[in-house]
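The values are calculated or read from the model by the stated rules, or taken from the named source; none is laboratory data. Just so we're clear, the structure is a prediction, and the values are computed from it rather than from any experiment. Cβ atoms come from the backbone with ideal geometry, glycine included; neighbour counts cover every protein chain shown. Remember, those area values only see protein heavy atoms, side chains included, never the ligands or the DNA or RNA. Shrake-Rupley method; radii C 1.70, N 1.55, O 1.52, S 1.80 Å.
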Amino acid sequence: MNLEFNKIFAALLVAGIAAAGANFISGKVVHSESLEADAVPIEVTDSGSAGSAGPAGPTGPEPVLALLAGADVARGEKLSKACAACHSFNQGGANKVGPNLWEIVGREKGKHEGFSYSSSMAGKGGTWTYSDLNHFLYKPKDFVSGTKMTYVGMKKVEDRAAIIAWLRTLSDSPVALPDEAAVSTEVNE
């Protein structure tokens, strides 16, 4: 019996020493450091809870028309890579989960050959203006309640301006950029 007690004590002693050694070695091998910046920034909007105090922020996107002329088209093309999972952009390109976006600026909303839009989008009416694209890209479900598009939205106005400027180039005859009167009207809305 005395020998059994020694075996149990030795096993516990060896396990304790092994655990302490593993802790010491892992502390030397793995260094815990805080990130300076997120690898992929995730934009979160504060939807505000019912009990939150303070004034409400803007309910829609910032005006974009004044930014279009100087927008970075190459950046817009780069940003469109996220859209390419659901949309094609080339002339005569196939519809995917979403419609082909060639000549989207100025196109009638909810109408593109071979694509089945939600009834909400099909009934929206009008054409895709720069301002409408700004609102839609900001938060699609707010602009067209009932849209099938699951994209959460693009919050940075510079990113929206860049992608709209790039979408404008996807046409044989791009829609003219807004004039000063249109820009001032959008700002004062």
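Could you look through the range 138-152, keep only residues that are part of a helix (DSSP H, G or I), out of contact with any His (no Cβ under 8 Å at 6 or more places or on another chain) and without any contact (Cβ under 8 Å) to a residue 60 or more places away in the chain, and pick out the one that is most open to solvent (accessible area, probe 1.4 Å)?
Within the range 138-152, the match that is most open to solvent (accessible area, probe 1.4 Å) is LYS141.
Looking only at the range 87-116, count every residue that is surrounded by 16 or more Cβ atoms within 10 Å (Cβ to Cβ) and in contact (Cβ under 8 Å) with a residue 60 or more places away in the chain and tell me the total.
Number satisfying all stated conditions: 6.
To keep it simple, each residue is scored yes or no on (1) touching a helix residue (DSSP H, G or I) at 6+ places or on another chain (Cβ under 9 Å); (2) polar (S, T, N, Q); (3) at negative phi.
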{"residue": "CYS86", "(1), (2), (3)": "no, no, yes"}
{"residue": "PHE89", "(1), (2), (3)": "yes, no, yes"}
{"residue": "VAL105", "(1), (2), (3)": "yes, no, yes"}
{"residue": "GLU113", "(1), (2), (3)": "no, no, yes"}
{"residue": "SER119", "(1), (2), (3)": "no, yes, yes"}
{"residue": "LYS124", "(1), (2), (3)": "yes, no, yes"}
{"residue": "SER131", "(1), (2), (3)": "yes, yes, yes"}
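Which ones in the range 1-36 are hydrophobic (A, V, I, L, M, F, W, C), open to solvent by less than 70 Å² (accessible area, probe 1.4 Å) and modelled with pLDDT under 85?
Selection gives nothing.
Here is a list of conditions, (1) under 25 Å from the mean Cα position of the chain (by Cα); (2) open to solvent by 40 Å² or more (accessible area, probe 1.4 Å); (3) of a type outside the set (Phe, Trp, Tyr), and GLU186 meets all of them except one; can you say which number that is?
GLU186 satisfies all of (1) under 25 Å from the mean Cα position of the chain (by Cα); (2) open to solvent by 40 Å² or more (accessible area, probe 1.4 Å); (3) of a type outside the set (Phe, Trp, Tyr) except (2).
Could you figure out which of (1) under 16 Å from GLY76 (Cβ atoms); (2) open to solvent by 50 Å² or more (accessible area, probe 1.4 Å); (3) part of a loop (DSSP other than H, G, I, E, B) isn't true of LYS155?
Of everything listed in (1) under 16 Å from GLY76 (Cβ atoms); (2) open to solvent by 50 Å² or more (accessible area, probe 1.4 Å); (3) part of a loop (DSSP other than H, G, I, E, B), LYS155 misses just condition (2).
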